Amino acid sequence: MKLAAILTFFGIFAMNAQDYNLLVGTYTNDCDSKGIYVYDFNAATAKFKEKNHSVKVESPSFLTVSDDKKFIYSVNESGDKSTVSAFKYTAASGKLDFINKKESKGEDPCYIINDDKNVIVANYSGSTIAVFNKKPDGSLTDAKQVVKHTGSSANKDRQEKPHPHMVIFSPDKKHLFVNDLGTDKIYIYSYNPTGGDKTLTLKETIATDPGSGPRHLAFNPNGIFFYLLNELNGTVTAYSYENGKTVKMQDESLVPSGFNGQNGGADIHFSNDGKFLYATNRGDANTITVFRVHANGMLNMVQQISTQGVSPRNFAIDPKDNFVLVANQKSNNIVIFKRDKTTGMLEDTTQRIEVCSPVCLVFTANK
């Protein structure tokens, strides 16, 4: 093979190695959305193209993908008619084939995760956590366990009752963390994937500041720190997490001193290299904040910029750490920021994916 041909071959191979699928979960009740969208996305150039979409799926606002990339599970956020859906997923074509759906066992499911055995859902308005078995064909059983929280907290408008907002496994998969915005608590459950109606057993709770509204959290890739995003007071709280014990370390604000507007802390993620932490804030702020993460787990802010849209929800960092994509729900666009791997700082590429009411972004392999 001639040198030019060899170089061309390896150039094409390198470009293909940068190609991924971007899954987008949306609301379908405010504008013309097909539900779940699949885009080709190149992590070297940020070029994208719609690849496929679901058909007649109601408000699949949050998604989770099975480890083998063969199935996608979504919530269907629709008040007391809310459900959880299973789809067969063909990454090469982006095709989604509906398998089945089950009652979510609580109004307005807002977060969903899965492992080899189970799908677990946080039902925001229903105050419940529901656990579903997965069958070999990817379909869901009826809920095998439903855990209902009780209580309230300081903000009478937003914390009149429990509002579970996120479910996330601990790094060792032995525990399930549940952030409850309504009770200002993190619930930690022991997790037995084959435990039937005792899959989750409450181990302890962690009280957060009254009126803070814990929403999402992210574990440091090293597994010994986690960072809690509080929706109502617009803060990030750092905790150490060693030998199953948690210790609060630091609070950092997402707004400048003197800010008198409404907060709406939304999402929080690490860069893949674990050196930087990113968080979005909705309300009157509409920003994304960049924190450097030090070896001792402490944070310091290095940048805060506009998300170039209204009501930033979920965001995702591409698998190569080159770009940060922010889903602006109310301005119906996904804004693509270039990421500096050395400083962690972001720069607007001016590239936009225009899509109705985007909420959740997930990258997967494309084959």
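Every residue, every condition in (1) under 27 Å from Asn76 (Cα atoms); (2) at pLDDT below 95; (3) surrounded by 23 or more Cβ atoms within 10 Å (Cβ to Cβ); (4) among the small types (Gly, Ala, Ser), yes or no:
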site: Met249; (1), (2), (3), (4): no, no, no, no
site: Gly264; (1), (2), (3), (4): yes, no, no, yes
site: Arg292; (1), (2), (3), (4): no, no, no, no
site: Gly309; (1), (2), (3), (4): yes, no, no, yes
site: Lys320; (1), (2), (3), (4): no, no, no, no
site: Met345; (1), (2), (3), (4): no, no, no, no
site: Gln351; (1), (2), (3), (4): no, no, no, no
site: Thr364; (1), (2), (3), (4): yes, no, no, no
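Confirm whether Ser61 is under 16 Å from Leu140 (Cα atoms) and in contact with a Lys or Arg (Cβ under 9 Å, 6 or more places away or on another chain).
Details: under 16 Å from Leu140 (Cα atoms): no; in contact with a Lys or Arg (Cβ under 9 Å, 6 or more places away or on another chain): yes.
Judged against the criteria, Ser61 is not a match.
Rundown of residues vs (1) in a loop (DSSP other than H, G, I, E, B); (2) in contact with a strand residue (DSSP E or B) (Cβ under 8 Å, 6 or more places away or on another chain); (3) not polar (S, T, N, Q), yes/no style:
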{"site": "Phe177", "(1), (2), (3)": "no, yes, yes"}
{"site": "Ile186", "(1), (2), (3)": "no, yes, yes"}
{"site": "Ser190", "(1), (2), (3)": "no, yes, no"}
{"site": "Thr194", "(1), (2), (3)": "yes, no, no"}
{"site": "Asp197", "(1), (2), (3)": "no, yes, yes"}
{"site": "Asp209", "(1), (2), (3)": "yes, yes, yes"}
{"site": "Tyr239", "(1), (2), (3)": "no, yes, yes"}
{"site": "Lys248", "(1), (2), (3)": "no, yes, yes"}
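Could you grab me the full set of residues in segment 257-274 that are in contact (Cβ under 8 Å) with a residue 40 or more places away in the chain and over 14 Å from the mean Cα position of the chain (by Cα)?
Result: Gly264, Asn272, Asp273, Gly274.
Give the residues of segment 35-46 that are exposed (fewer than 15 other Cβ atoms within 10 Å of the Cβ) and free of Cβ contacts under 8 Å to residues at least 40 places away in the same chain, sorted by residue number.
Of everything in segment 35-46, just one residue is exposed (fewer than 15 other Cβ atoms within 10 Å of the Cβ) and free of Cβ contacts under 8 Å to residues at least 40 places away in the same chain, namely Thr45.
Yes/no matrix, rows are residues, columns are (1) farther than 16 Å from Gly195 by Cβ; (2) surrounded by fewer than 22 Cβ atoms within 10 Å (Cβ to Cβ); (3) under 15 Å from the mean Cα position of the chain (by Cα); (4) free of Cβ contacts under 8 Å to residues at least 24 places away in the same chain:
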residue: Ser104; (1), (2), (3), (4): yes, no, no, no
residue: Ile120; (1), (2), (3), (4): no, no, yes, no
residue: Ile129; (1), (2), (3), (4): no, no, no, no
residue: Lys144; (1), (2), (3), (4): no, yes, no, no
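Condition test on Leu232, is it among the hydrophobic types (A, V, I, L, M, F, W, C) and not in a strand (DSSP E or B)? Let's see the steps before the verdict.
Working: among the hydrophobic types (A, V, I, L, M, F, W, C): yes; not in a strand (DSSP E or B): yes.
Here the answer is yes, as Leu232 does meet what is asked.
Being within 16 Å of Leu63 (Cβ to Cβ), part of a loop (DSSP other than H, G, I, E, B) and of a type in the set (D, E, K, R) is the filter here, so list the residues in segment 109-158 that pass it.
Listed by number, the list holds a single entry, Asp115.
Is at least one residue of segment 89-99 hydroxyl-bearing (Ser, Thr, Tyr), buried (at least 21 other Cβ atoms within 10 Å of the Cβ) and not in a helix (DSSP H, G or I)?
Restricting attention to segment 89-99, the residues satisfying the condition of being hydroxyl-bearing (Ser, Thr, Tyr) are 89-90, 93.
Now drop any that are not buried (at least 21 other Cβ atoms within 10 Å of the Cβ), which leaves 89.
Okay, now just the ones that are also not in a helix (DSSP H, G or I), so 89.
Checked against the condition, which is being hydroxyl-bearing (Ser, Thr, Tyr), buried (at least 21 other Cβ atoms within 10 Å of the Cβ) and not in a helix (DSSP H, G or I), segment 89-99 yields at least one hit.
If a residue has to be touching an Asp or Glu at 6+ places or on another chain (Cβ under 9 Å) and not acidic (Asp, Glu) to count, how many in segment 330-348 make the cut?
Within segment 330-348, residues that are touching an Asp or Glu at 6+ places or on another chain (Cβ under 9 Å) and not acidic (Asp, Glu) number 11.
What number goes with the only condition from (1) surrounded by fewer than 17 Cβ atoms within 10 Å (Cβ to Cβ); (2) over 26 Å from Lys49 (Cα atoms); (3) within 16 Å of the chain's Cα centre (by Cα) that Leu277 does not pass?
(1)
Only one residue in Lys102, Lys144, Lys69, Lys156 is within 22 Å of Tyr39 (Cβ to Cβ) and among the basic types (Lys, Arg). Which one?
Lys69
Among Ile224, Ile206, Ile188, Ile168, which is over 17 Å from the mean Cα position of the chain (by Cα), aliphatic (A, V, I, L, M) and under 19 Å from Phe270 (Cα atoms)? Outline the logic, then answer.
Numbers: Ile206 fails: under 19 Å from Phe270 (Cα atoms); Ile188 fails: under 19 Å from Phe270 (Cα atoms); Ile168 fails: over 17 Å from the mean Cα position of the chain (by Cα).
One residue alone meets the criteria, Ile224.
So, of the residues in segment 251-262 that are under 11 Å from Val236 (Cα atoms) and in contact with a Gly (Cβ under 9 Å, 6 or more places away or on another chain), which turns out to be surrounded by the most Cβ atoms within 10 Å (Cβ to Cβ)?
Leu254
Would you confirm, using the coordinates I've provided, whether Ser33 is within 19 Å of the chain's Cα centre (by Cα), within 30 Å of Asn179 (Cα to Cα) and assigned to a loop (DSSP other than H, G, I, E, B)?
no
Name the residues in segment 51-88 that are more than 12 Å from Thr364 (Cα to Cα), surrounded by fewer than 24 Cβ atoms within 10 Å (Cβ to Cβ) and β-branched (Val, Ile, Thr), would you?
Once the filter is applied, which keeps residues that are more than 12 Å from Thr364 (Cα to Cα), surrounded by fewer than 24 Cβ atoms within 10 Å (Cβ to Cβ) and β-branched (Val, Ile, Thr), segment 51-88 yields Val55, Val57, Thr83.
The values are calculated or read from the model by the stated rules, or taken from the named source; none is laboratory data. Just so it is clear, the model here is predicted, and its values are computed rather than measured. Cβ coordinates were reconstructed from backbone atoms using ideal geometry, including for glycine residues, and neighbour counts include every protein chain displayed.
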